[in-house]
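What follows is a short report on a single structure.
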Amino acid sequence: MITESHCHIDTPPFAADADAVLERARAVGVGAFLVVGTAMATARRTADFARWHPDVLATVGVHPHHAAEPGENPSPETLVTLANELGAVGLGETGLDFNRNRSPRAVQELNFRHHVVAALASSLPLVIHSRDADDATMALLDEADPGRNLSGVLHCFDGGRKLAEFGVERGLLVSFSGILTYGRSDSLRDIARSLPLSSLLVETDAPYLSPEPVRKQRRNEPANIVHTVAMLAELHGVTANTVADITTANFDALIKAGLR
Ligand SMILES: [Zn+2]
């Protein structure tokens, strides 16, 4: 069984056919889905989507792109309260995106720090988005979590080796998306090959980042996760089923730790 650890199938691109999308994924072996929150404004929609589907779980959090919008950038207390109220199994996605810089960096960092505080206070795992921000992500985690108590995942990993190894040392998981299948991703594949399978997750980040060989699909969907699973299996010299089982066990342990 494959666990799709990060997707946005509660969003408008899937409004017309989400159930068919889920069915196609189940048909290729996906047994659990995590829909990941990106804003306070849409937190209830994301949680409702999970409530309506027994194999879907949800998180609550504010993506760095939304951190400067009105009503976003919640306090740690607000995040924990909302997560409890909505039955979220984790916090995020949050973090730093210095690629698009849709929010000022200082606001992104404050928002990220609040999520780290909330995750530590609640023991919920944190879904971390880090894009072109390896050093700043490591610095903030070192500063906000000096005891290394945070559990969570570096999602849609596309950073450098140093960030990946930093995450694994801290007990964070590293999640690979369709980026792993792209022609340009030789160095990312080298990193994925060198990390222990016990530290990895797989995801699509749908509707974004369709993998090869279906990269032309403008709307990615969870069924396409099989291509990332296959790539990871090839890199580690194991079967796709082994990758599916180990990454599912990693995900279950992550979520259970938060529910303790
Ligand atoms: Zn995402």
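The values are calculated or read from the model by the stated rules, or taken from the named source; none is laboratory data. Nothing here was measured: the structure is a model prediction, and the numbers come from that model. Cβ atoms come from the backbone with ideal geometry, glycine included; neighbour counts cover every protein chain shown.
Which of the residues spanning the stretch 12-31 are in contact with a Ser or Thr (Cβ under 8 Å, 6 or more places away or on another chain) and either surrounded by fewer than 18 Cβ atoms within 10 Å (Cβ to Cβ) or modelled with pLDDT under 95 (or both)? G31 - this is the single residue of the stretch 12-31 that is in contact with a Ser or Thr (Cβ under 8 Å, 6 or more places away or on another chain) and either surrounded by fewer than 18 Cβ atoms within 10 Å (Cβ to Cβ) or modelled with pLDDT under 95 (or both). Residues considered: F157, F176, F166, F112. Of these, the only one that is within 16 Å of the ligand (Cβ to nearest atom), among the hydrophobic types (A, V, I, L, M, F, W, C) and farther than 25 Å from I225 by Cα is F112.
The residue list G61, G71, G37, G31 contains one member that is farther than 25 Å from N241 by Cβ and away from the ligand (no atom under 16 Å from the Cβ), which is G71. Filtering E23, E85, E4 for residues that are among the charged types (D, E, K, R) and not in a helix (DSSP H, G or I) leaves a single hit, E4. Looking across the stretch 74-104 at every residue that is within 13 Å of the ligand (Cβ to nearest atom) and closer than 16 Å to V36 by Cα, the one that is surrounded by the fewest Cβ atoms within 10 Å (Cβ to Cβ) is identified as E93. A count restricted to the stretch 7-20 and to residues that are within 15 Å of the ligand (Cβ to nearest atom), over 15 Å from the mean Cα position of the chain (by Cα) and assigned to a loop (DSSP other than H, G, I, E, B) stands at 1.
If I246 passes every condition in (1) touching a residue at least 60 places away in the same chain (Cβ under 8 Å); (2) more than 17 Å from Y182 (Cα to Cα) but one, which one does it miss? Here I246 meets the rest and fails (1).
Here is a check on your reading of the model: is A253 surrounded by fewer than 22 Cβ atoms within 10 Å (Cβ to Cβ) and of a type in the set (A, V, I, L, M)? For A253, the condition - surrounded by fewer than 22 Cβ atoms within 10 Å (Cβ to Cβ) and of a type in the set (A, V, I, L, M) - is met. What pairs come out if I take residues in the stretch 60-74 that are within 20 Å of L154 (Cβ to Cβ) and touching a residue at least 24 places away in the same chain (Cβ under 8 Å) and pair them with residues that are surrounded by fewer than 18 Cβ atoms within 10 Å (Cβ to Cβ) and of a type in the set (G, A, S) whose C-beta lies under 9 Å away, six or more apart or interchain? That search, which allows pairs on different chains as well, returns H66/A41.
Among the residues of the stretch 1-50, those identified as out of contact with any helix residue (DSSP H, G or I) (no Cβ under 8 Å at 6 or more places or on another chain), within 13 Å of P222 (Cβ to Cβ) and either aliphatic (A, V, I, L, M) or without any contact (Cβ under 8 Å) to a residue 40 or more places away in the chain (or both) are D17, D19, A20, E23, R26. Just one residue in the set G152, G237, G159 is more than 19 Å from L254 (Cα to Cα), of a type outside the set (A, V, I, L, M) and touching a helix residue (DSSP H, G or I) at 6+ places or on another chain (Cβ under 8 Å); that residue is G159.
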